[in-house]
Amino acid sequence: MQIVPYLFGGLTAFLVTDLVPIPSPTEQFGAVRATISAPVLGTLESSINRAAKADRGAAPRTAQDASHIAAVEVVGLRDAAIIYRDRDGRELYRTDPVNNVTVVTKDVKLPEVTVRQEQSSAVKTVPINEIKEQARDEKPRTPRGPKVPVGCEPSFSPVAAPSMAHHTGRCVAELVPPQPAG
């Protein structure tokens with residue numbers, strides 16, 4: 001019977017909000033706005049101009065519309081941000097090592113750029129296929145060290161603390177019933 005006051009209060013609140021008009025915050029000083037009826041379907045006001053909606057999307061680009069780099073900006077001396085822009089000033093590529101951000105516009109053909117600290121630094125061109133083969137041939141490195149016994153959990157994560165991953169925490173042992181002699 002303790003729920004009856006709550007039900008009565010909820011019903012009262014519902015009836016009050018349903019029957020009593022509550023002014024909206026946009027109405028100033030209790031002035032009632034004129035109600036505007038919705039346009040009737042099929043009238044001129046309710047028609048939709050579908051042709052005007054098409055101009056909101058970006059036009060599809062063709063291969064001839066591929067962006068060409070017209071300006072290169074280097075911002076900063078140490079950990080420099082590099083920005084490529086087209087002739088209209090739109091940003092096509094940006095790499096910012098300080099903020100760890102790289103942005104590339106779709107279908108941009110990036111030029112081959114070499115940045116050297118000294119004139120005498122040697123530069124070796126490596127085709128992308130060789131880089132992919134090297135990455136595929138490399139085996140993942142596993143930390144070497146004592147192994148955790150079977151049935152035990154490490155106290156430390158091998159990812160967070162690889163040097164501590166061999167310390168055991170909780171071990172689960174299986175009880176084997178004694179075998180009869182014989």
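The values are calculated or read from the model by the stated rules, or taken from the named source; none is laboratory data. Since we're looking at a predicted model, the values are computed, not measured. Counting neighbours? That spans all protein chains shown, and the Cβs are built from the backbone with ideal geometry, glycine included.
Take residue 112 and tell me if it is loosely packed, with under 10 Cβ neighbours inside 10 Å and among the charged types (D, E, K, R). In short, yes. The test for being among the aliphatic types (A, V, I, L, M), modelled with pLDDT under 80, over 27 Å from the mean Cα position of the chain (by Cα) and exposed (fewer than 10 other Cβ atoms within 10 Å of the Cβ) does not hold for residue 148. Within the stretch 65-85, the only residue that satisfies the criterion of being closer than 17 Å to residue 114 by Cβ and loosely packed, with under 12 Cβ neighbours inside 10 Å is 74.
What are the residues in the stretch 1-32 that are surrounded by 10 or more Cβ atoms within 10 Å (Cβ to Cβ) and at pLDDT 65 or above, if any?
If the condition is that a residue be surrounded by 10 or more Cβ atoms within 10 Å (Cβ to Cβ) and at pLDDT 65 or above, then 8, 9, 10, 11, 12, 13, 14, 15, 16, 17, 23 are the ones that fit.
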